[in-house]
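Notes to accompany the following structure.
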Amino acid sequence: MTTTTVTRIILAPREKQVLEGLADGSMLAAVALRLKIREGTASGYLKLAKRKLYGVSETAAALAVGYATEAIARPDLLDPESLRLTREQHDLVPLIAQGMSSAQMASELKRGVEIIRRDGRELLASLQARNRAHAITRAWEHRILTRDQVIAWLC
């Protein structure tokens, strides 16, 4: 058995605050307002955080990498049995965590884009998530997405 190690990433306090603020499904403008900074400033902090988190481009991917590397606080875990997802919904979680678009997921899973979008909407509803970033937090809470899964696609 091989153990893969990933360097722990340290984010600046504001980078961390902005990313953690987005974890509950809030929009960047709302996070900026809570932090009493301009939205453009919050956007700058988010870009810096994404660059540090293996250069990911999507906020959902930044949260997944942040949780896996402990760059941001991990959410409390919930009972994984309290949530039932279809196989199609379950298949989307790691792809969302990688920051894939619906078209990329459709290609990867060999399904139509409209089917992927439908499954994605149903996944968000099942997870009670507001958006993809929030879906990553909810998937982490329910142990659908794990550190090992994220580390596997980082390496």
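Okay, here's what the table says:
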item: Unique match (being more than 25 Å from T5 (Cβ to Cβ) and at pLDDT 95 or above) among V31, V56, V65; result: V31
item: Residue satisfying all of: in region 22-47; under 26 Å from P94 (Cβ atoms) and open to solvent by less than 70 Å² (accessible area, probe 1.4 Å); nearest to the chain's Cα centre (by Cα) among these; result: A23
item: Given (1) of a type in the set (A, V, I, L, M); (2) free of Cβ contacts under 8 Å to residues at least 60 places away in the same chain; (3) within 24 Å of E20 (Cβ to Cβ), number of the condition I116 does not satisfy; result: (3)
item: Region 132-155 residues that are closer than 17 Å to S82 by Cα, paired with ones that are surrounded by fewer than 16 Cβ atoms within 10 Å (Cβ to Cβ) and of a type in the set (A, V, I, L, M, F, W, C) (beta carbon under 9 Å, 6 or more apart); result: R138/L78; W140/L77; E141/L77; E141/L78; H142/L77; H142/L78; R143/L77; R143/L78
item: Matching entry among E108, E122, E81 (being open to solvent by 30 Å² or more (accessible area, probe 1.4 Å), free of Cβ contacts under 8 Å to residues at least 12 places away in the same chain and more than 15 Å from the chain's Cα centre (by Cα)); result: E81
item: Region 143-155, residues that are open to solvent by 10 Å² or more (accessible area, probe 1.4 Å) and part of a loop (DSSP other than H, G, I, E, B); result: R143, I144, T146, C155
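The values are calculated or read from the model by the stated rules, or taken from the named source; none is laboratory data. Quantities reported herein were computed from a predicted structural model and do not represent experimental measurements. Don't worry about glycine lacking a Cβ; one is built from the backbone with ideal geometry, like all the others, and counts go over all protein chains shown. Keep in mind that these areas ignore ligands, DNA and RNA; they rest on the heavy atoms of the full protein, side chains included. Shrake-Rupley method; radii C 1.70, N 1.55, O 1.52, S 1.80 Å.
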